[in-house]
């Protein structure tokens, strides 16, 4: 599973007796290792740091620290001269109350949970299980089951789901070339495929008589709800036009399974993809047909890419890799496909049943194009997912991920510190999702548990440096 590298380098801040002569060529001993020196760090600060006068206790006198009480007092006295909190002020307050102190069990099934996702407005949450079940919960009604879906043509498991932007439909994918779409606004709670309700099948395979020739790992709605993008086991990306009800584009994208795809922003012109060939690629649909090639390739993972998440600005994304790292990317640093040559690794390893080799944990790609690398979690056994925290409530200050060690990890984007490690599950946490507006997170694990995480009554403690982040010059 996945391709790796013949020449590996060791980070200068790590040691390994078997490879002590390998160093990171981009490391500078005079550069602070706890500050991300990149434009994204400034954007994060602008979106999550309080106004300069928010902590003022007396006009013209700056308080020693900006806590919630001081900010409330400053708002009431209108020291910012706006009469209200800015979006960054709001994020600064909410960032003090991270989810994690108060886990509560939402549901428990006897089969593995593979997907847990909030809708765009946060009113619904979908959780998909291996045993043909998909449950949609109504958050506003105390996590009451809004829709209990029994899937059709399930092969192995439900690999992915996606809400339509208007929250009226849900699509689900499995290891077949047919994606099913369900109307979740109908009155009945139970939705059994083609028995109590119709689950329309969207055919992604070509009419070549091969039948179930591939499976779909990832599927996403476009922002306008008119298209679906999917990644498949036949190394391809598919775009389905829901208005015309037909497949509109197929791209021979990678040399191995396409595990994850995503639209880069609201325009729908850019598509990101990640694959078991260790690469992330950027596709520009405006110039794809004349060239037939990706706009660029992002190189840095040593093993296959399990998931990627766009920051939503058409510039930054993160990816989870089987090399046990999350990488932060700036697509302005991508290279052309002609500059990327395949390389081979010198060790045998399969993430589905083997632990990651210890001597390779600190290795880095000799041509790593990523902005930063985050370590601490475990990406084993399944395609574990990672995300940016919500823009509305956190200013996208954090990155969070599931893990094979049964925990959910939250990292600070800029410092790389592990600010939280959520423990409850007894098995692999494949997916987790942060509510778009509330300080609440839902996680689903292979133990069948669906868990809701909320903050306690006290502010979150100062983070301890447990994770590690690697920097590279821009």
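Separation of the stretch 393-418 and the stretch 370-389, taken as the distance between their Cα centroids, equals 9 angstrom.
Gyration tensor over the Cα atoms of the stretch 218-269: the corresponding equivalent ellipsoid has semi-axes (square roots of 5 times the eigenvalues, largest first) of 19, 12, 8 Å.
Distance distribution P(r), the stretch 179-248, all Cα-Cα pairs, bin width 5 angstrom from 0: 3, 14, 23, 22, 18, 14, 5, 1 percent.
Restricting to bridges with both residues inside the stretch 142-228, how much of the DSSP beta-bridge set is antiparallel, in percent to the nearest 5? Write down the numbers at each step before the final one.
Details: 14 of 18 bridges.
Roughly 80 percent of the DSSP beta bridges within the stretch 142-228 come out antiparallel.
May I ask you to order 69-77, 127-135 by the average number of other C-beta atoms within 10 Å around their residues, highest value first?
Details: 69-77: 15.9, 127-135: 20.8.
Put in order of decreasing packing, that is 127-135, 69-77.
Normalised by 2.2 N^0.38 Å, with N the number of residues, the alpha-carbon radius of gyration of the stretch 191-311 equals 1.09.
Nearest 0.05, what FRET efficiency do residue 255 and residue 69 give at R0 = 60 Å with Cβ-Cβ as r? Approximately 0.60, to the nearest 0.05. Sorting the segments 407-416, 379-388 by their mean number of nearby beta carbons within 10 angstrom, highest to lowest, gives 407-416, 379-388.
Packing, as the average of other Cβ atoms within 10 Å across residues, places the peptides 90-97, 214-221 in the order 214-221, 90-97, highest first.
On full extension of the chain, what length is gained from residue 84 through residue 423, given 0.36 nm per residue of separation minus the C-alpha to C-alpha distance? Show your work: numbers first, answer last.
Details: separation 339, 0.36 × 339 = 122.04 nm, distance 3.66 nm.
Fully extending the segment from residue 84 to residue 423 adds 118.4 nm.
Scaled to the globular estimate 2.2 N^0.38 Å, the Cα spread of the stretch 122-240, given as radius of gyration, is 1.04. The Rg/Rh ratio for the stretch 257-402 is 0.96, where Rg is the radius of gyration of the alpha carbons and Rh is the Kirkwood radius.
May I ask for the percentage of alpha-carbon pairs in the stretch 80-174 that lie more than 23 Å from each other?
Values: 1785 of 4465 pairs.
More than 23 Å apart: 40 percent of the Cα pairs in the stretch 80-174.
Look at 322, 152, 423 and count the other Cβ atoms within 10 Å of each Cβ; fewest to most, that gives 423, 152, 322.
By the Cα gyration tensor, the stretch 250-314 has an equivalent ellipsoid whose semi-axes, rounded to whole angstrom, run 18, 15, 9 from largest to smallest.
Only the coordinates and a few stated rules stand behind these numbers; no lab work does. As the structure is a computational prediction, the values presented were derived from the model and not from experiment. Every residue, glycine among them, receives a Cβ derived from its backbone with ideal geometry; neighbour counts consider all protein chains shown.
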